[in-house]
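Throughout, read-outs are computed from the coordinates displayed, never taken from laboratory work. Just so we're clear, the structure is a prediction, and the values are computed from it rather than from any experiment. We place every Cβ from the backbone using ideal geometry, glycine too, and count neighbours over all the protein chains shown.
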Amino acid sequence: MPTPEQSVKRSYARFLVATILLVLASGNHAFALSDDYSESINLAVNRWLMVQEPSGFMPYGFDFVLDREAEPNAIMSGANLVRQAGTASALADYYALTKDQRAAPAIQRFLRALGHHSLPIGKSEGQALVESTRILSLPYGRYKIRSALERFGLLYAKEGPGKVLSPDGSYNKARTGAVALALLTEVRYAQTSGDNSFADLRRAWVEGLVALRIPGGGFRDNPESINSLPYFDGESWLALAEYHRAFPQDRRVGEFLTDVDEALLKRYGDAKEIDFFHWGTQAAAVRYGDSKDKKFLDFIKAQTRAFLDSKKDKIGMNNNCASVEGLADAIGALVSAGEGNGELANRARRWVTKEMHKAKQLQIQPGQTELVFSNARVVAPRMQEFAGCFRMGVYTAYTQVDLTQHCLSAMLKLKRINETPRVAPNKSAIGR
């Protein structure tokens, strides 16, 4: 009788063999990734359209072992609000790709909800003057600096042209990532629909990011902090990059974005941070697509190589769709540069293929009420209510809205790659 540890190892070995066979069957150097993902995408989106709450948001998460909903009838957490905004941005990306008109009203409800959670923010002349000294970037005495700025009212102003998003009306929970992803949602929706009903919110969220910018650096993680987080730096960069793509005539934001480009390329170019990778690579891919500037392509290559080296080409048991988002856009940029059949692109493609084969196994199917393992069986009748959602890992009976967000986004990006005509290698560009 095998021990539980031996059973888990055997299950993992069978899973690994299956994914390796899939890669070999599709060919290591195949240009297209192996699946168009339409069925999985439709299943996920149909679930969202069915369960969107009157508030405009989605149910946050569910633990099938405990038979318990995450954050039920409670004040929304800051993390939840960021993930709701991210979910909205993925639904808007689905709308942009498919033009499925069922999605438009759901996105509008999301935007109204995000607007309802928005608070005004601005920056006084005194604050701008103090920040211009680059005091927020000093590596020492940071607690005292923050305390002094707070005491003199130089952290932020509760009035101004900008808006930040808070789950409960407090500024210390107004996470910058929520502002960025709300902006990303509106930009994608407006570009696809031509509907400018939310243009005032769009402008206010842009100004919110401007107010939260650390001169010469990234973005403060909330108005009452002077620290930045890799996640929020990457999300803000991506939102501003897509805004600039949609509205290139906005010269002020274009100049602001150029400064952000320089700061984040420098900050994260040498220090490869996993929390920045997938958002930062997506942002750099947008910037490369718009400018064809080699510095963005070089950044994408360095980030992708460092990420794959950190994984040692192995796959784990967790849901890694977020990382696939970054790799998918990296592959897209390499294809655009004429390097789609190069060593790095094919290495990324192999890792993505294995991960997405696993991801499809993590998606809850219609009528599914149990999870069966070598040495265990989880019976959860309520699981059938969550068809289309993605679980957290191979041996995890838990789902959360951002897991589905990342998997849906990754599949949409991979569909775009598969449907893009092949680009001939640009030998002159490769040699530069």
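Tabulated results
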item	result
If the convex hull is drawn through the Cα atoms of the chain, its volume per residue in Å³	158 Å³
Stretchable slack from residue 170 to residue 372, in nm (0.36 nm times residue separation minus alpha-carbon distance)	68.3 nm
Leading residue at positive end of dipole, the stretch 4-431 (Cβ point charges), from 156, 366, 118	366
Using a Förster distance of 41 Å, the FRET efficiency for residue 341-residue 99 (Cβ separation, nearest 0.05)	0.85
Helix axis angle, 78-98 relative to the chain longest principal axis, alpha carbon, degrees	70 degrees
For peptides 148-157, 131-140, 218-227, sequence by mean Cβ density within 10 Å, most packed first	218-227, 148-157, 131-140
Cα-Cα pairs of the stretch 65-174 separated by more than 18 Å (percent)	65 percent
Modelled FRET efficiency - R0 30 Å, residue 124 with residue 199, Cβ distances, 0.05 increments	0.70
Label zone at residue 310 (point 7 Å along Cα-to-Cβ), backbone N below 20 Å, the stretch 210-232	218-219, 221, 228-232
For the stretch 52-69, Karplus couplings with θ = phi - 60° (6.51, -1.76, 1.60), whole Hz, Gly/Pro x	3, 7, x, 5, x, 9, 9, x, 6, x, 8, 9, 6, 6, 7, 6, 9, 7
Gain on full stretching of the segment that runs from residue 227 to residue 295 - 0.36 nm per residue minus C-alpha separation	21.8 nm
Rounded to whole Hz, the Karplus (6.51, -1.76, 1.60) HN-Hα couplings of the stretch 177-184, x for glycine and proline	x, 5, 4, 4, 6, 5, 4, 4
Extended-chain gain in nm, criterion 0.36 nm per residue less alpha-carbon gap, residue 68 and residue 152	25.7 nm
Relative contact order (%) - criterion: Cα under 8 Å, at least six apart; region: the chain	20 percent
Eligible lysines near residue 312 by straight Cα distance, threshold 24 Å, same-chain separation 8 or greater	9, 272, 301, 354, 358, 360, 413
Packing rank of 179-186, 298-305, 237-244, where each peptide gets the mean count of other beta carbons within 10 Å, highest leading	179-186, 237-244, 298-305
Per-residue HN-Hα couplings for the stretch 322-327 [Karplus 6.51, -1.76, 1.60; θ = phi - 60°; Hz; x = Gly/Pro]	4, 5, 4, 3, x, 5
For the stretch 42-121 and the stretch 177-229, distance of Cα centres in Å	18 Å
Burial ranking of peptide ranges 283-291, 205-213 (average Cβ count within 10 Å, highest at the top)	205-213, 283-291
